[in-house]
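Visitor: Take a look at this one; I'll ask things after.
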Ligand code: NAD
């Protein structure tokens, strides 16, 4: 069994991003800038936001986090996003999820100008992804494709099962796989006999947000297993949607939690930010 550690892939992507950031600075006499909007005080969101800022700084980008209280009025947040849309010095904008319940996700998706939408959640990007048009792509699924490619795991012609159909992970994941010539089985919370389907697959990608959902009974020996889930167990340790100790001995390759998918997401976010900056400079 091979563990698919993100570190070597993430380092490679970050090295490339750093070079592009240096080039951008020389050409435009300013660094690319990422603005993150954080509403409320969700502890995990605060950690993720801090990490994004730290990595952006390390790669030579400018970065800011704009904070709103949990009871912020959505219109006020929207006005702030609009100011960022209009600010020529801002290249990438990201609204940290989850948002408080007063925010309607189907409206928020339209707030960020697509040219600055580095999470690639805007419906325009979702449509371009389905059509196979090169564009900014959602960070987690895009990072998983990079991880598989780095470890020379081709999905072409393979039977791949995706568990989870959220607009930010499961759906774009299934689309990217389809665009890469995989045959995709897509499972979700209403799929009966899911284990029968996951067991068929040569590659299984799980983004269900349910700790320990998948065990050895749901995986065929020799399969590649990608675990997107992140949870903290009762001992305070990080774990995924997969029962790692059970599945690792039978899988041919598996992503650890932590150290698998998570760092890929961050690296692709940085790559999307420099890409957005480069593309905007050409507008
Ligand atoms: P979500 O809650 O929005 O979606 C979960 C999906 O899983 C839903 O489509 C649902 O139908 C499906 N599902 C739920 N229970 C199921 C079950 N018992 N059987 C089959 N399908 C089931 O979650 P999300 O935003 O897609 O995130 C999923 C997980 O990935 C979470 O643990 C999240 O923290 C993690 N995540 C990690 C990263 C990363 O960078 N590593 C990024 C995003 C999300």
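Visitor: Condition check: touching a helix residue (DSSP H, G or I) at 6+ places or on another chain (Cβ under 8 Å), within 11 Å of the ligand (Cβ to nearest atom), outside any strand (DSSP E or B) and not assigned by TED's automatic domain parsing to the domain that holds residue 92. Does residue 189 satisfy that?
Guide: No.
Visitor: Are any of the residues in the stretch 65-76 closer than 18 Å to residue 266 by Cβ and either surrounded by fewer than 20 Cβ atoms within 10 Å (Cβ to Cβ) or at pLDDT below 95 (or both)?
Guide: Yes, the stretch 65-76 contains a residue that is closer than 18 Å to residue 266 by Cβ and either surrounded by fewer than 20 Cβ atoms within 10 Å (Cβ to Cβ) or at pLDDT below 95 (or both).
Visitor: Further question: Looking at 181, 227, can you tell me which residue is within 24 Å of the chain's Cα centre (by Cα), closer than 30 Å to residue 15 by Cα, surrounded by fewer than 19 Cβ atoms within 10 Å (Cβ to Cβ) and without any contact (Cβ under 8 Å) to a residue 40 or more places away in the chain?
Guide: The unique qualifying residue is 181.
Visitor: List the residue pairs whose Cβ atoms are under 6 Å apart, where the first residue sits in the stretch 22-48 and is farther than 17 Å from residue 94 by Cα, the second is at pLDDT below 95 and surrounded by 13 or more Cβ atoms within 10 Å (Cβ to Cβ), and the two are 6 or more positions apart or on different chains.
Guide: Short answer, once both residue conditions are applied: none.
Visitor: Go through (1) assigned to a loop (DSSP other than H, G, I, E, B); (2) farther than 28 Å from residue 26 by Cβ for residue 262 and report which single condition fails.
Guide: All conditions pass for residue 262, except number (1).
Visitor: What number of residues within the stretch 51-70 are touching a strand residue (DSSP E or B) at 6+ places or on another chain (Cβ under 8 Å) and free of Cβ contacts under 8 Å to residues at least 12 places away in the same chain?
Guide: 1
Visitor: When you check residue 250 against the structure, is it more than 14 Å from the ligand (Cβ to nearest atom), in contact with a helix residue (DSSP H, G or I) (Cβ under 8 Å, 6 or more places away or on another chain), in a loop (DSSP other than H, G, I, E, B) and more than 19 Å from residue 155 (Cβ to Cβ), yes or no?
Guide: Answer is yes for this residue.
Visitor: Does the stretch 121-141 contain any residue that is farther than 24 Å from residue 272 by Cβ, within 13 Å of the ligand (Cβ to nearest atom) and not assigned by TED's automatic domain parsing to the domain that holds residue 34?
Guide: Among the residues of the stretch 121-141, not one is farther than 24 Å from residue 272 by Cβ, within 13 Å of the ligand (Cβ to nearest atom) and not assigned by TED's automatic domain parsing to the domain that holds residue 34, which makes the answer no.
Visitor: Within the stretch 168-186, count every residue that is more than 10 Å from the ligand (Cβ to nearest atom) and assigned to a loop (DSSP other than H, G, I, E, B).
Guide: 3
Visitor: OK, next. Taking interchain pairs and intrachain pairs at least six residues apart, which have beta carbon atoms under 8 angstrom, with the first residue in the stretch 128-155 and free of Cβ contacts under 8 Å to residues at least 24 places away in the same chain and the second surrounded by 18 or more Cβ atoms within 10 Å (Cβ to Cβ)?
Guide: 128/135; 135/120; 135/125; 135/129; 154/148
Visitor: Another one. Among the candidates 160, 204, single out the residue that is in contact (Cβ under 8 Å) with a residue 40 or more places away in the chain, closer than 24 Å to residue 132 by Cα, in contact with a helix residue (DSSP H, G or I) (Cβ under 7 Å, 6 or more places away or on another chain) and within 15 Å of the ligand (Cβ to nearest atom).
Guide: Matching residue, one of 160, 204: 204.
Visitor: Could I ask something else about it? So, in the stretch 77-109, exactly how many residues are closer than 30 Å to residue 16 by Cα and surrounded by 14 or more Cβ atoms within 10 Å (Cβ to Cβ)?
Guide: The number of residues fulfilling the criteria is 12.
Visitor: Out of the stretch 207-222, which residues are more than 6 Å from the ligand (Cβ to nearest atom) and surrounded by fewer than 19 Cβ atoms within 10 Å (Cβ to Cβ)?
Guide: 211, 212, 215, 216, 217, 220, 221, 222
Visitor: Looking at residue 270, is it within 12 Å of the ligand (Cβ to nearest atom) and in a helix (DSSP H, G or I)?
Guide: So residue 270 fails the test.
Visitor: Condition first: crowded, with 19+ Cβ neighbours inside 10 Å and over 14 Å from the mean Cα position of the chain (by Cα). Now tell me which residues in the stretch 138-157 satisfy that.
Guide: Those that are crowded, with 19+ Cβ neighbours inside 10 Å and over 14 Å from the mean Cα position of the chain (by Cα): 148, 155.
Visitor: For residue 236, work out the one condition from (1) under 30 Å from residue 54 (Cβ atoms); (2) part of a strand (DSSP E or B) it doesn't fulfil.
Guide: Only one criterion in (1) under 30 Å from residue 54 (Cβ atoms); (2) part of a strand (DSSP E or B) is unmet by residue 236, namely (2).
The values are calculated or read from the model by the stated rules, or taken from the named source; none is laboratory data. Fair warning: this is a prediction, and the values are worked out from it, not measured in the lab. Every residue, glycine as well, gets a Cβ built from its backbone with ideal geometry; the counts of neighbours run over all protein chains shown.
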